[in-house]
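Only the coordinates and a few stated rules stand behind these numbers; no lab work does. A quick note: this is a predicted structure, and the numbers were derived from the prediction, not measured. Virtual Cβ from ideal backbone geometry, glycine too; neighbours counted across all protein chains shown.
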Amino acid sequence: GLPLWLTAAEKTVAAKGCEEKGSEAKTPAEGREGKPAVPLISLVGNAGTGKTLLLLDLAMELSRKRSVVFVHGGPLHEGHILIDRRLHKVRILSGTDPEDMQELFERMDFSDVSCFLIDEANRLPSHVLGGIFRLSDTLGIPCIFSYDPHSLLGQVPPMEDAEAVIAARETLRLE
């Protein structure tokens, strides 16, 4: 199941938003305050608070039923590659690798994708972040972004307004 430290409401929002996504493409409907109706959740916290672990737990749980796309805001590490190989319904991509992003934006089949999980989102180049927003809106695929607003890791390339760009579109923020 989902991690025990989440409240029942947080578990419901995180899992339900991704599980209930329809498979047909749709035009984004405007939700409250002019924000897209497609759920966009932000997990915000300092380093070491469990954001990445939570996203990986969600990926494992959600992939029991449908596919999940996990985008990491930097280069992939050995653990990412191992998970990508072992979990057949979880596709892990580097948001800074041109080949991975070409796969995401040009070749990927989204017919079974229930959710985009984006880790270290503040490190993503602005065109990648914008592309994920467009995919989410066009296909009706919910997103969960995680980031540390005080990260010492530099953005690649710099995107100083990533937090503001995500915050302007989020439907729920968990800190």
How big, on average over all directions, is the shadow cast by the Cα convex hull of the stretch 54-175, in nm²? 7.3 nm²
Charge context of Ser146, other residues only, Cβ under 13 angstrom, K/R +1, D/E -1: -4
Roughly how many whole Å is it from the C-alpha centroid of the stretch 88-111 to that of the stretch 42-75? 15 Å
